[in-house]
Every structure is written in C-alpha cells, then in structure tokens.
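Contents: one structure, followed by commentary.
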Amino acid sequence: MPTEAATPGVRVALKCAAPCVTGARETMWAATVLAPAPGTEPDPHAVGAPSRERAAPAVRVKWLVSLRRPRDTAAPSGRPGRAARPRAGRRRGVSPRGRLAANDGRSFGVRAYAHEADVSQEDQVVAMVDRMVEEFGTIDIMVANAGLQRDAAVTEMTVAQWQKVLDVNLTGQFLCAREAAKAFIRRGVVPEVSRSAGKTVCMSSVHQVIPWAGHVNYAASKGGVLMLMQTLAQELAPQRIRVNAVAPGAIRTPINRSAWDTPEAEADLLRLVPYGRVGDPEDIADAVTVLASDLMDYVVGTTLYVDGGMTLFPGFATGG
C-alpha cells in the first residue's frame, strides 16, 4: 500500500529507542532517528526489530540516522539549509552500533548518516534537527519514540529516578516536537509532498490511561505525553500541522522478554490481551506509517491504541 513515506523527497524524523521501521514497500524514503543518549534503555512499548522480508529500511537504536534517496540530492525549492554548523551533539564519536545503523540505510540505496545525542538536552536536540535541515533542507515527519524506565515502589523511588524518566519520556518528546514544528512552519505546505505542512507522531503507551503500580514515573510521563500531544495538535492545526500519538500495548521486544519468552509467562500476559496474541514490532511500525501518511490527513489530536484490546478492561469480559 503506497503511503506518503514512499514519496520521493520526504524527510522523516524518527526518534527511536528500539529498532524501528516505517515506510514503503515500493520505494525508498528519507528518515532521521532521534534517540536517547548511551546508557538509556529502549522504551518497553517501542517498536522492535522488523522482519527483513519488509521492503522498508530498518533503523537501529539510539542514533540519529538520516536516509535519503540518491536521486533527490538537492533541497526542494524554498527549503534552504542553514549555513551555520550546529555545535552541540554534532558528529561526536559514534559507536559501531551507530555506524551499523547508517550502513543498514545505505544497503537500501539511500544516503545515511549517524548522529548521537541525548534528547533530554535542549542544545543537543536543536543541533540534531539543525543538522537534519542542513543536510536535507527540511523535515516532513517527526516520530517521537524514545523512552525508558526506572522502576521502583513509590516509597522507594528517588527523585533522580523520577526525573530521569520525565526528562527523556516527556521533555524529550516536547523538544523534538518543538524543533520539528519550527521547520514545518518555516516551510509550509508543499502540495507535491503532502496535504499538510508536517506530521508529528508521539509514541505513548497504554499506560497513558492504565495506572501501573511500581512504575509511577513511567505512567506519569505517558499521561503527560497524551496532553502534550493534544495541546500541540490544538495549537499547530491552524498551521496545517498534524500531531497524533500511537499507544502500544504488550509488544514482543527484548526489554520485556521475561513477560513472553516462556509458555507460562506468555499465558499470564495474554490474560490482559483480549485479542489473544502478543503484539509484534511491525504492528507499531504499520500504525505509524499509516498515521503519518495522507491517508489520515483529517486525523488530528488522536491516539491510536495498538494493544490487542488491552485498554478494554478485559477483567470485566465475564462480568468483572
């Protein structure tokens, strides 16, 4: 199914905390990945490793990786890049994992670069997005997908544990969405690319509405993402910018392996999932792809729950 991600010249910003994929089965596309600094863990509800049978490029974790079709090398008319080189977070020592991410992109026939930064730090986010604009002229889609956990009972949770989760999961999304919005507004609508001036997809969680004992910092951060997304959508819609969210449920990723890697653990988990299976990373990737495409052009300020029915209060299916 063709989507906007298949449109030549579209630059997509993906703030990823786990391997992710979005885009086309028919053509390559542009992507930028904005993610947490080294030492932070992937969001347990984030996108996981895609299947190689999928024709879209896979982008690894924790790195800003920009991909672009080779034939589309010049910035579109009216989209000049910035002359000044950003300083903070600019081409710092990128680990082999970051280089691997760029190499994966190149294997699909696109330009790629890796850029390491901490999304909770304003100067580093500004520098990352500045570099994106400098390299490719603009950004068309921002997927804010970085997150981590620092779990503890509320009586034992430290301020540092609380603050770290809020800094990455909530402030990081705010900073990336803010910088993307500046680029969207500066460029405006380009009809041959999209009906909108830009799209931001916030990665939330079912825990924006489901309380989660022992994870008060994480649940609070995701509740904040809900209101962040809706307020951004309200404020930016008149500029023809669409802001929405995807809220994953139980997704089969390495960080939550203990919840599904034995028959007993998976059976216990599935008591919370009416649809009867654990989600796959592709379920989230597909949802993001469609939500960021012009197929959803009239969808603004909405959360798409991709959870197998986890938010349907399955305990009440037999009367409670």
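The values are calculated or read from the model by the stated rules, or taken from the named source; none is laboratory data. Everything quoted here is computed from the prediction, not taken from an experiment. Note that we place each Cβ from the backbone using ideal geometry, even for glycine, and neighbour counts take in every protein chain shown.
Odds and ends about this structure:
- One residue stands out among those in the stretch 236-262 that are over 18 Å from Val299 (Cα atoms) and of a type in the set (A, V, I, L, M): the one that is surrounded by the most Cβ atoms within 10 Å (Cβ to Cβ), which is Ile251.
- Subset of the stretch 234-259 [part of a loop (DSSP other than H, G, I, E, B) and either more than 22 Å from Gln208 (Cα to Cα) or of a type in the set (Ser, Thr, Tyr) (or both)]: Arg240, Thr253
- Verdict on Thr289 being modelled with pLDDT under 95, in contact with a Ser or Thr (Cβ under 6 Å, 6 or more places away or on another chain) and β-branched (Val, Ile, Thr): yes
- Only one of the numbered conditions (1) assigned to a helix (DSSP H, G or I); (2) without any contact (Cβ under 8 Å) to a residue 24 or more places away in the chain; (3) within 29 Å of Leu236 (Cα to Cα); (4) not basic (Lys, Arg) is not met by Gly315, and that is (3).
- Filtering the stretch 209-232 to residues that are buried (at least 18 other Cβ atoms within 10 Å of the Cβ) and more than 23 Å from Val159 (Cα to Cα) leaves Met229, Gln230, Leu232.
- Search result, residues across the stretch 175-209 that are part of a helix (DSSP H, G or I) and of a type in the set (A, V, I, L, M, F, W, C): Leu175, Cys176, Ala177, Ala180, Ala181, Ala183, Phe184, Ile185, Val206
- Meets criteria (crowded, with 17+ Cβ neighbours inside 10 Å and modelled with pLDDT of 95 or more) for Gly279: yes
- Some residue of the stretch 265-277 being part of a loop (DSSP other than H, G, I, E, B), touching a Pro at 6+ places or on another chain (Cβ under 9 Å), under 30 Å from Leu236 (Cα atoms) and of a type in the set (D, E, K, R): no
- Filter result for Val110 (over 18 Å from the mean Cα position of the chain (by Cα) and closer than 22 Å to Ala292 by Cβ): yes
- Once the stretch 292-318 is narrowed to residues that are surrounded by fewer than 14 Cβ atoms within 10 Å (Cβ to Cβ) and at pLDDT below 95, the residue that is nearest to Leu226 (Cα to Cα) is Phe313.
- Test: residue in the stretch 159-180 that is under 19 Å from the mean Cα position of the chain (by Cα), modelled with pLDDT of 95 or more, of a type in the set (Phe, Trp, Tyr) and surrounded by 24 or more Cβ atoms within 10 Å (Cβ to Cβ): no
- Selection of the stretch 120-149 for residues being in a helix (DSSP H, G or I) and under 28 Å from Gln161 (Cβ atoms) yields Glu122, Asp123, Gln124, Val125, Val126, Ala127, Met128.
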